[in-house]
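The structure appears below as structure tokens.
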Amino acid sequence: MLLVYLFEIMLYTFGIRISMLHADKPAVSAVAFLLVSPLLFYDRPSRLSIMIAAVVAVFCSIVVNCKEPAIAQLDIWNSVTFAVVAAVTTVFIMNIKIRALKQSSQIEYMSQTDLLTGVKNRNHYENQLKKYPQLCASNLVCVYGDVNGLHEKNNSEGHEAGDIMLRTVAEALQAVFGPEHTFRIGGDEFVAFRTDAKMTQ
């Protein structure tokens, strides 16, 4: 991010320099960079707003000392106006981007995770299955588990008790094989993998 801000400061400096070449005319370049530059980068809106305010302060101090009062007043008005527009637009766009990222992350999580037990689901299992041979150098251990008595427990104690049973099995498998290698592939079926496990006699 440091390089990004250095680049943006360079753009502002360039815009101010171009504006100062024509001290007898209202600034255009600096104001244009003030409005457009923050939209090119992704960072916290508060940081971008602080940077915009700092650039406006520097720009206003320069035009007050270098331009005629009438032109300086016009430049100050334009820079402050466009700074407010840039800050509001930046906050709005960043909020949209952050919301989109959260939604994308949530969709990805739901597409890969069994929501009842928290382990990976059948969809993720089928996508990962062909990758396992490349993940190991010497051996690959695969454990298949079928939870016995789930149907009877659901009938006798209710589905909530059956859900607790499934979550307990999932937690035990995750503790041994890890959350990335434990899958629920059916109602009461689990598969877990371990790569390059130490083999004992």
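The values are calculated or read from the model by the stated rules, or taken from the named source; none is laboratory data. What you are looking at is a predicted structure, and each value in this text was computed from that prediction instead of being measured. Quick reminder, even Gly has a Cβ in these numbers, built from the backbone with ideal geometry, and neighbours come from all protein chains shown.
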*asked:* List the residue pairs whose Cβ atoms are under 9 Å apart, where the first residue sits in region 126-148 and is more than 20 Å from Q112 (Cβ to Cβ), the second is of a type in the set (S, T, N, Q), and the two are 6 or more positions apart or on different chains.
replied: C136/T195; A137/T195; S138/T195; N139/T195; L140/T195; V141/T195
*What do you reckon, is A53 under 22 Å from M1 (Cα atoms), modelled with pLDDT of 85 or more and of a type outside the set (D, E, K, R)?*
yes
*Would region 27-34 turn up any residue that is β-branched (V, I, T), outside any helix (DSSP H, G or I), more than 25 Å from the chain's Cα centre (by Cα) and surrounded by 13 or more Cβ atoms within 10 Å (Cβ to Cβ)?*
yes
*Quick one: would you say L74 is closer than 30 Å to I18 by Cβ and surrounded by 15 or more Cβ atoms within 10 Å (Cβ to Cβ)?*
yes
*asked:* Going through T117, T90 one at a time, which residue ends up being surrounded by 13 or more Cβ atoms within 10 Å (Cβ to Cβ), under 25 Å from P179 (Cβ atoms), among the hydroxyl-bearing types (S, T, Y) and not assigned by TED's automatic domain parsing to the domain that holds G186?
replied: T117
*Name the residue, out of A192, A172, that is aliphatic (A, V, I, L, M) and out of contact with any Phe, Trp or Tyr (no Cβ under 6 Å at 6 or more places or on another chain).*
A172
*Residues that are part of a loop (DSSP other than H, G, I, E, B) and more than 23 Å from G162 (Cα to Cα), drawn from region 99-132*: K130, K131
*Can we say A83 is over 22 Å from the mean Cα position of the chain (by Cα), in a helix (DSSP H, G or I) and in contact (Cβ under 8 Å) with a residue 12 or more places away in the chain?*
yes
